[in-house]
Amino acid sequence: MSKKIIILFALFTIFFAASCGSDEDETSDDGIHELSDTYDSDTAEKHSKLETTDKTPIADDEETETAETAGSGMFIFLIIITIILALGVPFFFWYFVPFGLWYKAWLSGVRIGWWKLVKMRFQNIPQHLMINTLIQSKNAGLKIDVQDLMNRYLAGVDIIKVTNTAIRAVNAGFDISYNELASQFLAKVNVETVMHALITAHNADLTNITLKQLAAHYLANVDVIKVVDTLVAAHNAGYDEFTLDDLKEHYLANGDVVKTVDAFIAAKEARYHDVRFKDIASIDLAGIDVRHAVDSAINPKVIETNAVSGVARDGVQLFMKLKLTLRANLKNIIGGATEQTVLARIDESLATEIGRAASHYDVLQSPFLLADKVEQQQLGKGTAFDVISVDVSEIRIGKDVHAELAIERAHAEAEQAKARLISAEEKVQTAMASAFLDGKLSVHEYHEIQNTEADTHMRKQLGDSAKPKNTNSDEHHH
């Protein structure tokens, strides 16, 4: 709307000036025509007189009348110009050159020409934003060229954000130009975040980290603040075995840089001097809780096996439980056998050692000897754990396997004898039947045989009943 008013005002001025100029020309032409007509009417009557009369007075009158007409037009033109200037100059300064803003800049030591302000107005650049930014930069000791600031604004730079970041850089002692920060902003870098990370790194004496390096990491979708903070934590703990690029690679591989660095520091503090950052990072990337893994290596855990059964060489069964002290092996935790494998090996070895004992009394008298033999076999080899110690937690006697086997063997032999007796009786019955059929055995003889067997059986029963019963005394003696 303001532009339209200015254009209409300018057109009105030009039109008014042109109309005044045309009025002056018409007035001059009318004077000339009037003189010409007067001269023609008097020529016939005064021809002779004019020929003899001096022509100087007529020429003077013509010049005087022409000068008066021209002077009147010029006076009107000057009045119009004066009115235009009286109205246009204040409007010009009010609209194009805000005097108050310019005076504020001048008092702050910022020298900016009126033409720059006019140029800002025509380019739709906020004059207040530019002036205030220049004043702020001047007071902070930051040098910014007016034209560069205007160009950066037109390029889409967030003037306030970049200026505040540049001032922070100056206060932190960095030699970083305003144009460099503006260029990073145009490259879609969050200059405030990157500058914060840079200041944090340099405050921790990590001066090898640069703005361009952090900006490149930011564009690679790396959380530069988190990465720098973890690097500073390791540096403050006295460990500089990895770089910012190492943390960047771990972060981009979906690793947890905070947990990994914390676990690395804990391992180093526990005197695991041979552990490298890559070892800890590999554990994290393998999906293992790296903090728990390192904690298991620093603080060994104690687990108890299930009751393991074994039979000594004297045939007595023993049940034993062991307590194992296991420590995680950080270098074998990836791909190494698990805790269950270690327990299975321990159970197998314990049962074997019980079976090698000459007597169950030997095991009962010195159970630690058996535990030492199990420990010396290094059953944690190839697994994710080292067996630190093996101790017996429980031992108890089971059944006498040899005695049970002997009883079962006697029962089996008795069954076999009974079977043989039955078989013999069957053979006798068969032989007697054959004798009857062959006429070699009579009925009378058969009855005598039966009577003899019955008499023998009766005599045996009578003999057994006549024996004294000394069972209690025998058991007591036994």
Of the residues in region 174-212, how many are more than 21 Å from ASN236 (Cα to Cα), polar (S, T, N, Q) and touching a residue at least 12 places away in the same chain (Cβ under 8 Å)?
4
Report those helices (runs of 4 or more DSSP H) wholly inside region 107-173 carrying at least 1 residues which are within 21 Å of VAL194 (Cβ to Cβ).
127-140, 146-154, 159-171
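Matching residues to (1) of a type in the set (A, V, I, L, M, F, W, C); (2) over 30 Å from ILE388 (Cβ atoms):
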| residue | (1), (2) |
| --- | --- |
| THR200 | no, yes |
| ALA234 | yes, no |
| TYR251 | no, yes |
| LYS259 | no, no |
| ALA267 | yes, no |
Test for LEU206: is it in contact with a Phe, Trp or Tyr (Cβ under 9 Å, 6 or more places away or on another chain) and among the hydrophobic types (A, V, I, L, M, F, W, C):
no
Within region 191-222, which residues are within 17 Å of ASN254 (Cα to Cα) and surrounded by fewer than 18 Cβ atoms within 10 Å (Cβ to Cβ)?
LEU219, ALA220, ASN221
Suppose we filter ILE346, ILE354, ILE334 for residues that are part of a helix (DSSP H, G or I), in contact with a helix residue (DSSP H, G or I) (Cβ under 8 Å, 6 or more places away or on another chain), more than 15 Å from GLN378 (Cα to Cα) and not hydroxyl-bearing (Ser, Thr, Tyr); which single one remains?
ILE354
For region 260-274, state whether one or more residues are within 23 Å of SER177 (Cα to Cα), among the basic types (Lys, Arg) and part of a helix (DSSP H, G or I).
no
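Check ALA140, ALA204, ALA166 and return the single one that is among the aliphatic types (A, V, I, L, M) and under 30 Å from ASP274 (Cβ atoms).
None of the others qualify; the one that does is ALA204.
No value in this document is a laboratory result; all are computed from the given coordinates. Computed from a prediction, not measured in an experiment: that's the story for all the values here. Here Cβ is always computed from backbone atoms with ideal geometry, including for glycine, and neighbour counts include all displayed protein chains.
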